[in-house]
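The next block holds one structure in the form of structure tokens; read it before the comments.
The values are calculated or read from the model by the stated rules, or taken from the named source; none is laboratory data. What you are looking at is a predicted structure, and each value in this text was computed from that prediction instead of being measured. Cβ: placed from backbone, ideal geometry, glycine included. Neighbour counts: every protein chain shown. Remember, those area values only see protein heavy atoms, side chains included, never the ligands or the DNA or RNA. Shrake-Rupley method; radii C 1.70, N 1.55, O 1.52, S 1.80 Å.
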Amino acid sequence: MILDLDGAKKKTAQLSRELLGRRPAMHKQIEYFKGETGKLQYASPKFAEHVLKQYNGFSDNWCRPVAQAPAERMNLLGFRPYGRVNGVDRDLEKDWLTNEGDAGSSEAFLLQGVASRAYSLVHPGASPDSGPLLTWEHPESAIVDTDPATGIDRAGLVVWADDQEDFATLYTATQVFKFKRSTSRDRHEQPGPADLADGWVLRDQQLEVETNPLGEVPLSELRNQSLMDDEPISDISGVMALQDAVNLIWAYLLNGLDQASLPGRVITGAELPKVPILNSEGIVVGHRDVELDELIKERILWIPGKDVSVEEWTAASLDVFSKVISQLVEHIAAQTRTPPHYLVAKMVNTAAESLNIAEAGLVSKTGERITYAGRGLKKTMRLMAKARGANDRRLIAINAGKLIWANVQYRSDSQMADVATKYRSAGFPMEYIAEKLLVDPAEVSRVMKMIEKENAADPLAAAQRAMQQGIPDGIGA
């Protein structure tokens, strides 16, 4: 895609409008995850007025553990180009760690689940000898235009702002346009369609367009699951409504705790108590009835009349509310494949096998998220290799390569030892067992070197190896 300046401005406006359309839903999802939205819900304004002041700020946030559960298990260890059977590409690993890719990708994976998208951006090195620069972009500030027929990214836009100006950088496969504009509108207001298209000027009036040395759009999208369309689904889209229902029940429960959890009294057949009215000198000048609200606060219902009597009723049972909340939480666990013990901490002497079964859904879900993130991450690796000047042969190997992830299923040391023993007794080589259990290529290499060193220092093991290899010809003749 080759654009002139007017075409670049139109493309910037087009992508800005599309990004603006996505923002409300993404912002709501992020706010629910943070707990800023989805607080106590109220059935009516009057009910809210009565309860809000007492419990303002309280909320039961289930969106956070649901989104964090798969993201915390997505740990990228390296990249293995096509043709290699073990280990990882050391140059890509070095550039990844230099740019703190492990920390940045962890945040990106979380946003991928919460807001359904996240982005990485690769910048060429400042010099041929310097490595690429990798940054991670918020989904409310970045967007990629992908050709629906080929799946190739045609353009990418990154926007940001300070107190005085808006900024935008438009990327194509061969060009980079850098725009800015002054703005006087309220930073908290969303711009209208006309605002997005108007006012963009070049940041450097002497430089209309820069060359993109990478040869493809350097912005990569990490997308969540979709239904073969351009609308990836947030992991918490269905949880938000259930969380609102839980918080509505909590509002009733908390109000019930305040109103019905203590014994109440009824006084019948007596005149309402009076409160003296004092003048400025402290002399009683009259009496007034006690305010009804004051009696309610003391859990007293006063009914005037003859024949005085006092009755009392016991506190209300509130477990019906907690049962409904528990059932809603079970629905959240089932619908999101989140292990129940992640949401309700009830674990007493639970067998390891039972935990593995309980986490099977989460392990499968995490594997799916890894698959969805794979396209964007492989493109990121390819771009970093391009920034290093990789030749065509290496780029082809990277295109067909494999991302190496940490094991998404947790195992205790005793479980790993038991598995290793059974594999070994079945005849599997130690390197295969190490790869199966440790996964991390660096750890596998370190362990194998330790085994070789240990065997070399053991004369009995050396003699056994000599016997297995056979006695050379001419010896003992």
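The figures follow:
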item	result
Residue-span extension gain [Met430 to Leu318] - 0.36 nm each, minus C-alpha spacing	34.5 nm
Under the Karplus curve 6.51 cos²θ - 1.76 cosθ + 1.60, θ = phi - 60°, whole-Hz ³J(HN,Hα) for the stretch 204-209, x wherever Gly or Pro sits	10, 5, 8, 10, 6, 9
Full-stretch length increase - Glu208, Ala149 - with 0.36 nm per residue and alpha-carbon distance subtracted	18.2 nm
Label-point gap, in nm, between Gln14 and Ala245 - each point 7 angstrom along Cα→Cβ	4.2 nm
Summed side-chain charge close to Ala373 - residues other than Ala373 whose Cβ falls under 12 Å, Lys, Arg +1, Asp, Glu -1	+4
FRET efficiency, 1/(1 + (r/R0)^6) with R0 35 Å, evaluated for Glu107 and Ile357 via beta carbons	0.70
Percent of C-alpha pairs per 10 Å bin, the stretch 1-151, short to long	9, 23, 28, 22, 11, 5, 1
Rounded to whole Hz, the Karplus (6.51, -1.76, 1.60) HN-Hα couplings of the stretch 55-68, x for glycine and proline	10, 4, x, 7, 7, 9, 9, 9, 5, 5, x, 5, 6, 6
Förster radius 45 Å - calculated FRET efficiency between Ser364 and Leu133, Cβ distance, rounded to 0.05	0.80
Cut-off 17 Å (backbone N to label point 7 Å along Cα→Cβ of Val439), residues of the stretch 382-407	402-407
Surface accessible to a 1.4 Å probe, Trp160 within the full protein complex, Å²	120 Å²
Vicinal HN-Hα couplings computed from phi for the stretch 143-159 (Karplus, 6.51 cos²θ - 1.76 cosθ + 1.60; Hz; Gly/Pro x)	7, 10, 9, 10, 5, x, 7, 9, x, 8, 6, 8, 7, x, 10, 10, 10
For peptides 112-124, 147-159, sequence by mean Cβ density within 10 Å, most packed first	112-124, 147-159
Estimated distance in nm for a label pair at His341 and Lys402, the labels positioned 7 Å out from Cα along Cα-to-Cβ	3.1 nm
Amide H contacts under 5 Å for Phe428, placed H, 5+ residues apart	none
For Leu133, residues with placed amide H under 5 Å, excluding near neighbours	His123, Gly125
Accessible carbon and sulfur surface of the stretch 64-182 relative to its total accessible area, %, 1.4 Å	49 percent
Estimated inter-spin distance, Ile325 and Ser412, nm [label 7 Å along Cα→Cβ]	3.1 nm
Three-way shape label, the stretch 49-130, alpha-carbon gyration tensor, a/c 1.5	prolate
Accessible area in square angstrom per residue, the stretch 1-154, 1.4 angstrom probe	50 Å²
